[in-house]
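The values are calculated or read from the model by the stated rules, or taken from the named source; none is laboratory data. These numbers were taken from a predicted model, which means no experiment stands behind them. FYI the Cβ positions are ideal-geometry reconstructions off the backbone, even for glycines, and counts take in every protein chain you see.
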Amino acid sequence: MKGEKRKVILKEKKVEIPLAKEELEVVGKQVIRKDGYEKVTGRLKFGADFDKAGFLHGKVLRSPHAHALIKKVDVEKAKALPGVVAILTAEDVPGRNGFGAIIPDQPVICGEKVRFIGDGVALVAAESEEAAIEALKLIDVEYEPLSAVFSPVEAMKPGAPKVHENGNLLTTVRIRKGDTEKGFQEAEVIVEQTYSLPFVEHAYMEPDVAMAIPHEDGTITVKGPMQAPFTVRRNIAPVLHIPISKVQCVQTHLGGGFGGKEDSSIDIGVRAALLAWKTKRPVRMEYEREEVTLSTAKRHPMIIQCKVGAKRDGTLTALEGTIYNEQGAYASLGPIIPPAGGTHAHAVIMLPGPYVIPHVKVDGYLVYTNHPYGGAMRGFGAPQVNFVHESIIDELAEALQMNPYDLRMKNCFELGSVTATGQVLDQSIALKETMRSAADQFEWFKRWRPPPSKEEVEKVEKRRGVGMAIGWYRTSIGTFSDGCGANVYVHEDGSVILHTGITEMGQGSHTVLAQIAAEELGVRIEDVRIVVPDTDIVPEAGPTVGSRSTTLMGNAIIMASQAVKASILEAASEILGVPAERLVARNRLIFDRDDQTRGVEFKEAARRALATGKRMMGQGWWAPPRPSFDVETGQGYPYFVYTYNTQMAEVEVDTKTGHVEVIKVVACFDIGRAINPILVEGQIEGGIMMGLGYAMMEEVLLKEGKVQNLNFQDYMIPTAMDAPEIVPMILEDPNRYGPFGAKGIGEMPNIPTAPAIINAVANAVGVRIRDLPAHSEKVFHAMRGRRG
Amino acid sequence: MGVGWPRNDVSQAVLKRKTFQKGKVMRDPVSKSHLWKKPCWEKYFRVKTPGEAVQILEELQGESRVIAGGTDLLARMRQEGFGVKALVDITCIPGLGEIRSEDGLIRLGAVATPKDLSQSSVLREKAFCLAQAASQIGTPQIRNLGTLGGNLCNASPAADLAPPLLIFEAKAKIAGGKGEREVPLDSFFTGPGQTVLNPSEILKEIIIPELRLDASATFLKLGRRKAADLALVSVAVLLAMDRKERTCQLIRIGLGSVAPTPIRAKQAEAFLIGRRLDDRSIQEAAQSAMRESQPISDVRASSQYRREMVGVMVERAIRKCLEQLEGKDV
């Protein structure tokens, strides 16, 4: 019986029926991380740990102006400095002077004008880092400052300074469903509010590094911590004016990415490649922490107006929203990649939340300003809009005098629900179950009380409160180009090599992908080795983003494994004299499912397969069902499956100082299938800490376009001491399209945390924070304002 | 805190490496090229006596700096981009890191680390609030590396060790070319980053009296997060009272982060002395401390919030001392 289902899977060459847990050997088990020992013992080399001998040192001269014309760049004095090998300005770029993850609108070296403080104006390569720094000081740049614009609302006004020639409005995305006018007429209670979200820095521990090595045959290798090596390669080739096939990008182990190294690795990689190309020598670049904060992408700040209407019984009737999404100086990952890719489209699609609302109207404007730019950061536009819909639902609950849990339960998605984009959710949706499980664990109904009056708050020094938030998040990126490939090689000793372009950046993807390969092939996890992504070797995989790795690459790996496994089973069939269809491979053994005493070792079969000339490699390519989305009406099926989550938080607010302490967070997820439960819990705990920082302390402070908190003395992120008790919970409603039923988990955990905490603060002391972060001073002033 | 080279066993390891790997490129923790603007110095002296230090400092008048833990100095050199001719490392002077108690006085060596202070049995017994303050400085790495002297000589208004030392009326023992002198700590700080030390003097020791048996002291720090943060406001309070009358016999209030230097709230103290300790008098003293503070606005908080918090924290610190006194069976 055990082999029965596996046979189905082998024949269909596609996992459509998730296997029961007890039948799995490797998947669903808490195996040890592939990179665990090297990381905990400190032996693993990160980008900055590689030997610097033989490398020139590259540096970027950065603009001190937020918006200015470049009149003259005088490099003579700097060139004369001993040790300086090259100083490059805009005219030295052989090909396209621009890069970007979607639109190449950011100059490698600015020629005509600079658009934010930190823009690159010249590049230096020198024999020593000291000489490179000295040379930067000697470059003389003459600027003509222009008036600058620092707010998306201002930038949309006629007559605002133009950041780019074609105007400041980069993209508009809308949703039109039903008739909101009618919806609000039907409503008996309407709540309307404006919320604002700050720029947030990823604060990955490892600053960016790139090592570029030119070769005599006209090819070039660039190494560094890259979250998306293929995107880096795609940008380097046109800048150097060479075909993509001549550029090799090799990933070094990432010390954190969170979406940031999708962008920053292009920035530093392109510049290092250019310096190496021009000097014909290996060049190494390393950004200081301050440079990372100053010049690389951040989470988009947004100003969001939202209006929601409901009947007395809590049934939602309409939602309207306007998003002013600040792109900053360059497009980065903001604009649309057809049909529904890019941060902005995702934010618009997610604004109505996981609720059934008959009438929806959303207008989202993505606008250039002279600030640093917004890009991908864990959640990709969703943390901002989730904060809005989860705050306003709580405000609506208060207006209706309902328990916010009941209001959510009444309106949230379930099997068969239709989203604001008209998508029917026809599988793998256990949102309501996550609410029920979280509520049981948290004892929501015992703990929730209506918010207190002013007098009640003033009576005590500390007050506790509880809050909740729910969320949904896509798996995949909603573009037509979401395919990814894998190669699996089996060797005659039974060991396996897996080629995948998905990058390991701490999230554990390589462990999970190796588990999938081991399970499918019938070997042990330690038999599978994953090579570090190298664009010369591994097939195109797209970027490691969008919580897509496990699901999309997992399917490609299953296909590749099945292809090579067919040879192994054929060889085993020859040895055993049993038809291949009857053979089952598990735990390094291949046996007859009808007579389990008849079997052969996996490596024995592999040896015969090679000796008899059978295929020893398998290839797989998987792309999700084709997405659809219309940017004018917002209708379509943008993403093929979603992860669902409920979070509940308890906080204690110091009523005299405004300090908020998060006591406990319970977080329950429907992730289809946990391939490695302990890694899932790691993602949940880390994500919640990131969401806690977003709620309470993280904010890039800007003054006239200049970042005020460049390093970790001033830029606050939570420490272990700020961590609450976190209870991660996993539910599994299998995804029909996922390997073993899996969906993505990477981004979801950090999304509903901020609104859950802010709702808990409102529940504790009766004040609502509508602009993050809710640091002590802000909460203090809000309470004082309430005191009048 | 002072910045610099790793101390004790770590510095020994570095020294050894220096000897054995002569000619090789040093990958020392300081000049490793992670620096925005590189701190630089021509010479590095590791002295064995205070006299030696003073001599070098005098010779290189104004162009040398004392270095201990280096956690403040190197960060400043990097941020402000200045170099010096020489760094004088005083962490290897024998006895300069000792903490001892004699004749009712506690002597704290200038290069004792916050970790030493927080774990010292002498302090935990006789000046607990100082150990408390030391345990809240920076991160474990900074607490292992920084020093008491660095924390004070860096003269940050936010120096965590200053408020508790102020309420103990600590004295600073300073060694210079003309011999040693003692300065009360409340006249030691002259402004942000400035002290009474002249360029050729070093801070040798801090001397505090043991806490009176019938007194209680406490330290409270308000930060933006629970650890690894500079104080927005820090408060240390020392209190003794007449137990029958509940009148205040002795009160000292030290404030950090709310003026150009760490300060004593002397008007609040004067107000409270001899008064009955009740809600009203405590609140009025807190109000007075608020008026005495002159905080600034910066990226961390506004001056208005800091001033409000002086009131809250002073009130809380006094109440905490009262609680402790009520728990004592003296």
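The table that follows gives values for the structure above.
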{"read-out": "Selected residue (only one of B:Leu145, B:Leu165 is assigned by TED's automatic domain parsing to the domain that holds B:Asn198 and farther than 15 Å from B:Ala236 by Cβ)", "value": "B:Leu145"}
{"read-out": "Selected residue (criterion: farthest from the chain's Cα centre (by Cα)) from residues of segment B:232-243 that are crowded, with 20+ Cβ neighbours inside 10 Å and either more than 14 Å from chain A (Cβ to nearest Cβ) or modelled with pLDDT under 95 (or both)", "value": "B:Met241"}
{"read-out": "Pick from segment A:684-693, criterion touching a Pro at 6+ places or on another chain (Cβ under 6 Å) and over 12 Å from A:Asp722 (Cβ atoms), ranking: surrounded by the fewest Cβ atoms within 10 Å (Cβ to Cβ)", "value": "A:Ile684"}
{"read-out": "Hey, A:Val545 assigned by TED's automatic domain parsing to the domain that holds A:Ala764 and either in a loop (DSSP other than H, G, I, E, B) or touching a Lys or Arg at 6+ places or on another chain (Cβ under 6 Å) (or both) or not", "value": "no"}
{"read-out": "Selected residue [away from chain B (no Cβ under 14 Å), touching a Lys or Arg at 6+ places or on another chain (Cβ under 9 Å) and surrounded by fewer than 22 Cβ atoms within 10 Å (Cβ to Cβ)] from A:Glu632, A:Glu652", "value": "A:Glu632"}
{"read-out": "Filter result (within 14 Å of another protein chain (Cβ to nearest Cβ), surrounded by 22 or more Cβ atoms within 10 Å (Cβ to Cβ) and not in a helix (DSSP H, G or I)) within segment A:244-298", "value": "A:Arg284, A:Met285, A:Glu286"}
{"read-out": "Every residue from segment B:244-262 that is among the aliphatic types (A, V, I, L, M), over 15 Å from B:Cys129 (Cβ atoms) and crowded, with 22+ Cβ neighbours inside 10 Å", "value": "B:Val258"}
{"read-out": "Residues being in a loop (DSSP other than H, G, I, E, B) and within 14 Å of chain A (Cβ to nearest Cβ) - total across segment B:173-230", "value": "8"}
{"read-out": "Any hit, segment B:250-261, residues being part of a helix (DSSP H, G or I) and in contact with a helix residue (DSSP H, G or I) (Cβ under 7 Å, 6 or more places away or on another chain)", "value": "no"}
{"read-out": "Cβ-Cβ under 8 Å pairs, at least 6 apart or on other chains, segment A:85-107 side over 18 Å from A:Lys280 (Cα atoms), far side among the basic types (Lys, Arg)", "value": "A:Pro104/A:Arg96"}
{"read-out": "Set A:Ile117, A:Ile139: member being surrounded by 15 or more Cβ atoms within 10 Å (Cβ to Cβ) and more than 22 Å from A:His300 (Cα to Cα)", "value": "A:Ile139"}
{"read-out": "Given (1) of a type in the set (Lys, Arg); (2) in contact with a helix residue (DSSP H, G or I) (Cβ under 8 Å, 6 or more places away or on another chain); (3) modelled with pLDDT of 95 or more, number of the condition A:Lys71 does not satisfy", "value": "(2)"}
{"read-out": "Within segment A:433-453, tally of residues that are under 25 Å from the mean Cα position of the chain (by Cα) and either within 30 Å of A:Gly178 (Cα to Cα) or not assigned by TED's automatic domain parsing to the domain that holds A:Val765 (or both)", "value": "2"}
{"read-out": "Residue within segment A:739-755 that is surrounded by fewer than 22 Cβ atoms within 10 Å (Cβ to Cβ) and under 30 Å from A:Lys459 (Cβ atoms) present", "value": "no"}
{"read-out": "Extreme residue, farthest from the chain's Cα centre (by Cα), among residues of segment A:204-243 that are outside any strand (DSSP E or B) and small (Gly, Ala, Ser)", "value": "A:Gly218"}
{"read-out": "Some residue of segment A:738-750 being touching a strand residue (DSSP E or B) at 6+ places or on another chain (Cβ under 9 Å), facing another protein chain (nearest Cβ under 10 Å) and at pLDDT 95 or above", "value": "no"}
{"read-out": "Set A:Gly416, A:Gly422: member being over 21 Å from A:Pro752 (Cα atoms), free of Cβ contacts under 8 Å to residues at least 40 places away in the same chain and surrounded by fewer than 24 Cβ atoms within 10 Å (Cβ to Cβ)", "value": "A:Gly416"}
{"read-out": "Pair list, Cβ under 7 Å, 6 or more apart: segment A:280-297 residue more than 16 Å from A:Ile117 (Cα to Cα), other residue part of a loop (DSSP other than H, G, I, E, B)", "value": "A:Pro282/A:Gly54; A:Pro282/A:Phe55; A:Val283/A:Phe55; A:Arg284/A:Lys52; A:Arg284/A:Phe55; A:Glu286/A:Pro207"}
{"read-out": "Qualifying residue in segment B:90-107 (condition: surrounded by 21 or more Cβ atoms within 10 Å (Cβ to Cβ), more than 14 Å from every other protein chain (Cβ to nearest Cβ) and not hydrophobic (A, V, I, L, M, F, W, C))", "value": "yes"}
{"read-out": "Number of the exception - B:Ile263 against (1) touching a residue at least 40 places away in the same chain (Cβ under 8 Å); (2) within 14 Å of chain A (Cβ to nearest Cβ)", "value": "(2)"}
{"read-out": "Among the candidates A:Thr317, A:Thr322, A:Thr369, residue that is closer than 29 Å to A:His67 by Cβ and touching a residue at least 60 places away in the same chain (Cβ under 8 Å)", "value": "A:Thr369"}
{"read-out": "Every pair of residues 6+ apart whose Cβ atoms lie under 6 Å, when the first sits in segment A:179-202 and is closer than 16 Å to A:Gly314 by Cβ and of a type in the set (A, V, I, L, M) while the second is outside any helix (DSSP H, G or I) and modelled with pLDDT of 95 or more", "value": "A:Ala187/A:Gly309; A:Ala187/A:Ala310; A:Ala187/A:Thr317; A:Val189/A:Ala310; A:Ile190/A:Gly309; A:Val191/A:Val308"}
{"read-out": "Top-ranked residue of segment A:705-734 - restricted to ones that are β-branched (Val, Ile, Thr) and within 11 Å of chain B (Cβ to nearest Cβ), ranked as nearest to A:Thr369 (Cα to Cα)", "value": "A:Val707"}
{"read-out": "Residue, nearest to the other protein chains (Cβ to nearest Cβ), within segment A:756-776, restricted to residues that are part of a loop (DSSP other than H, G, I, E, B), among the aliphatic types (A, V, I, L, M) and in contact (Cβ under 8 Å) with a residue 24 or more places away in the chain", "value": "A:Ala774"}
{"read-out": "Any hit, segment A:667-678, residues being on the phi > 0 side of the Ramachandran plot and away from chain B (no Cβ under 14 Å)", "value": "yes"}
{"read-out": "Looking only at segment A:160-170, and only at residues there that are over 29 Å from A:Leu240 (Cβ atoms) and more than 27 Å from the chain's Cα centre (by Cα), the one that is surrounded by the most Cβ atoms within 10 Å (Cβ to Cβ)", "value": "A:Ala160"}
{"read-out": "Residue list for segment A:171-203, restricted to those being under 22 Å from the mean Cα position of the chain (by Cα) and hydrophobic (A, V, I, L, M, F, W, C)", "value": "A:Val173, A:Leu197, A:Phe199, A:Val200, A:Ala203"}
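Per-residue answers, yes or no, for (1) of a type in the set (Gly, Ala, Ser); (2) in a strand (DSSP E or B):
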residue	(1), (2)
A:Ala132	yes, no
A:Phe150	no, no
A:His164	no, no
A:Arg176	no, yes
A:Glu181	no, no
